[in-house]
Amino acid sequence: MNKPTYYITTAIYYPNSDLHIGHAYEAVATDAAARYKRLRGYDVRFMTGTDEFGKKIEEEATKQGKTPQQLVDHFSQSAKEVFDALDVSYDVFWRTTDPRHVAAVQKIFNKLYENGDIYKHSYEGPYCTPCEAFYTASQAKEAEGKCTTCGRDLTQISEEAYFFKMSKYQDRLIKHIEDNPSFIRPASRALEMLNGFLRPGLEDLCVSRSTFKWGVPVSFDPDHVTYVWVDALSNYITGLGYGSDDDADFKKYWPADVHILGKDVVRFHTIIWPAILMALGEELPKQVFGHGWINVDGKKMGKSLGNAINPMELTDTYGVDAIRFFLLREISFGQDGNYTTEILINRLNSDLANDLGNLLSRTVGMIDKYFGGTLPSVQAPTPHDDDLITLAKATAPKAEAHYDALEFDKALDAIWALIGHSNKYIDLVEPWKLAKEEDKQDMLAGSLYNLVEVLRIVAILIEPVMPSTPAKIYAQLNITGNTNWGDASHFGLAPKEVQVAKGDAMFPRIEKGVK
């Protein structure tokens with residue numbers, strides 16, 4: 001039986017500086033979605049990568065005394081190291097300097113030109129060099145001469161260029177967004193695209209440059225290189241083999257189920273990219289999700305502000321799964337979030353040390369103390385079991401619905417509600433009192449078994465977010481064999497005579513003042 005496919009991507013990152021925690025956030029969220037779908041039995045293709053052409057790269061390389069290729073090789077490797085350190089399970093890391101990408105982009109540009117969707121014209125108008133973004137005169141006036149993305153001054157440029165007839169696709173784009181309410185998420189971003197860009201009227205788009213050389217050459221006009229929109233955006237299909245001799249993966253996985261990217265590039269992915277796909281006669285991605293930003297102490301994070309947080313330093317200090325958990329638990333996906341060391345430590349101590357870590361250590365410790373590490377097979381219920389078991393059975397469907405909707409924080413809320421209830425269950429059952437009564441040993445064993453089952457279920461449900469933690473839980477509970485997502489909806493799958501193995505605290509409390 002063929003598995004259903006699921007194709008998910010991050011944006012590709014511009015390698016002119018080291019990645020910060022904002023990039024890590026996007027990668028970890030996308031990874032959690034990919035891991036969840038794999039657990040559900042999907043054939044997943046998860047792609048990320050680097051956007052390696054452009055004037056900024058050329059200028060930065062000159063400044064550093066390197067060739068552009070040397071510069072992007074360094075930063076691409078650095079990005080991989082960050083993703084690997086965060087346990088990001090990408091299937092493809094795609095680089096736009098890859099010869100396969102270059103060849104495919106040239107074919108795409110040629111096809112658009114031959115179809116009459118690209119024409120040559122002289123351009124003069126406002127431009128943001130850092131963001132490589134053109135503005136119409138009216139857009140520049142409305143923005144008071146500032147780039148709406150980075151806030152820097154716009155400059156006037158004049159050059160000959162090729163233009164894509166984006167205006168031709170305005171009505172089709174509006175209809176597609178209106179007819180497909182899940183195409184752009186959150187919904188507020190769809191309104192921004194419709195009211196801020198599409199309904200006021202689209203202008204044609206500059207898609208080549210002649211004032212620098214570091215780019216994909218236009219094959220029929222060597223004075224020009226393909227500009228970022230056709231080059232970088234096409235990575236989502238060239239990375240599947242589009243335009244190559246082997247496009248089997250493109251036929252298998254396209255259209256993308258979701259592009260996950262920052263809210264600042266939603267416009268490019270919901271207007272420019274769909275218009276290019278329409279011109280090529282290809283299907284549009286099913287969804288584009290624009291997540292929010294991570295602020296630092298309430299301020300926007302950026303290299304120029306000197307407040308960029310290095311994700312590898314955080315994982316070295318607090319652990320990979322802890323940082324992944326913090327990013328997806330603390331921030332509502334789609335909204336902006338705030339990072340401070342205090343917020344991070346409070347969250348890790350509260351949820352991981354006090355709640356999950358404490359539940360595991362109490363459960364294993366009591367089985368070890370009262371039964372020598374092995375539960376007896378004869379067990380009896382307590383008056384407090386029904387609520388716990390009912391909640392445990394209901395948690396997987398709740399988490400599943402939230403994971404499907406990319407609501408990672410809500411999925412974790414549901415899981416932690418079960419963890420919290422389980423800790424209260426211990427206080428209600430009072431195993432330490434049952435242990436003192438000869439005729440309550442069966443009830444004691446039953447209550448501890450229920451806690452083992454909760455931990456087994458929790459381990460499955462947190463795996464998309466915390467991929468290395470489940471194995472640590474299973475090791476202490478001595479649960480072996482394959483575990484799958486479906487097992488989280490059933491209560492009573494662990495062996496009754498579970499034999500535990502006490503281990504170190506998974507999440508020791510972090511003392512205040514630790515940085």
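The values are calculated or read from the model by the stated rules, or taken from the named source; none is laboratory data. From a predicted model like this one, the values you see are computed outputs, not experimental measurements. When we count neighbours, we look across all protein chains shown, and the Cβ atoms used for this are built from the backbone with ideal geometry, even at glycine. For the accessible areas, the whole protein counts, side chains as well, though only heavy atoms, and no ligand, DNA or RNA atoms are used. Shrake-Rupley method; radii C 1.70, N 1.55, O 1.52, S 1.80 Å.
Things to note:
- Over segment 99-201, relative contact order from alpha-carbon pairs under 8 Å, at least 6 apart, %: 24 percent
- Kirkwood Rh in Å, taken over all unlike Cα pairs in the chain: 25.2 Å
- Computed over the Cα atoms of segment 283-423, the ratio of the radius of gyration to the Kirkwood radius (Rg/Rh) comes to 1.08.
- Viscosity 0.890 mPa s, 25 °C: Kirkwood-radius Stokes-Einstein D of segment 78-138 over Cα pairs, µm²/s: 157 µm²/s
- For segment 215-331, the Cα gyration tensor yields ellipsoid semi-axes of 34, 19, 15 Å (square root of five times each eigenvalue, largest first, whole Å).
- Only Lys, Arg (+1) and Asp, Glu (-1) charged, at Cβ; segment 423-514 dipole about Cα centre in debye: 300 debye
- For segment 369-515, convex hull volume per residue from C-alpha positions, Å³: 132 Å³
- Stokes-Einstein diffusion coefficient of segment 340-439, Kirkwood radius over Cα pairs, 10 °C, 1.306 mPa s, in µm²/s: 102 µm²/s
- Our coupling estimate for segment 371-377, obtained by passing each phi through the Karplus curve with A = 6.51, B = -1.76, C = 1.60 and θ = phi - 60°, is 10, x, x, 10, 6, x, 6 Hz, Gly and Pro reported as x.
- Cleavage-rule hits (trypsin sites (Lys or Arg not before Pro)) in segment 43-130: DSSP loop, at most 15 neighbouring Cβ within 10 angstrom: K66
- Unsatisfied cross-links (Cα-Cα over 25 Å) in the set K146/K286; K37/K472; K37/K299: K146/K286; K37/K299
- For the peptides 253-263, 231-241, 383-393, the ranking by mean Cβ contacts within 10 Å, running from highest to lowest, is 231-241, 253-263, 383-393.
- Cut-off 9 Å between beta-carbons: net charge of the residues surrounding F289, Lys and Arg +1, Asp and Glu -1: +2
- Within the accessible area of the chain, the carbon and sulfur atoms contribute 48%, probe 1.4 Å, all protein chains present.
- When Rg and Dmax are taken over the Cα atoms of segment 415-455, they come to 10.8, 35 Å.
- Taken over segment 112-181, the convex hull of the Cα atoms encloses 126 Å³ per residue.
- Segment 26-161 has equivalent-ellipsoid semi-axes of 33, 20, 19 Å, by the square roots of 5 times the alpha carbon gyration tensor eigenvalues, sorted largest first.
- Put a plus charge on the Cβ of each Lys and Arg, a minus charge on the Cβ of each Asp and Glu, and nothing anywhere else: the dipole of segment 123-245 about its Cα centre is then about 380 debye.
- q = 0.27 Å⁻¹, segment 342-392: log10 I(q)/I(0) [Debye, one scatterer per Cα]: -1.02
- Ranking L406, S447, A505 by Cα position along the charge dipole of segment 383-515, where only Lys, Arg, Asp and Glu carry charges on their C-beta atoms, puts A505 farthest toward the positive end.
- Directionally averaged shadow of segment 267-309, computed from the convex hull of its alpha-carbon atoms, nm²: 4.4 nm²
- Value of [θ]222 nm, deg cm²/dmol, for the chain, DSSP H segments ≥ 4, -39500 (n - 2.57) each, nearest 500: -13500 deg cm²/dmol
- Cα Rg over Rh - segment 449-511, Kirkwood: 0.97
- Legend: residues M1, M47, sorted from most to least accessible area (1.4 Å probe; ligands, DNA and RNA excluded), read M1, M47.
- Here the Kirkwood formula puts the hydrodynamic radius of segment 1-42 at 11.9 Å, using every distinct Cα pair.
- The alpha carbon centroids of segment 200-262 and segment 285-300 are separated by 24 Å.
- Per the Kirkwood formula applied to alpha carbons, segment 388-452 shows a radius of gyration over Rh ratio, Rg over Rh, of 1.15.
- Hydrodynamic radius (Kirkwood) for segment 126-242, which is based on Cα pairs only, to one decimal in Å: 16.1 Å
- Overall, the chain carries a charge dipole of about 160 debye about its Cα centre when +1 sits on the Cβ of Lys and Arg and -1 on the Cβ of Asp and Glu, all other atoms neutral.
- Rolling a 1.4 Å probe over the protein chains gives K502 an accessible area of about 130 Å².
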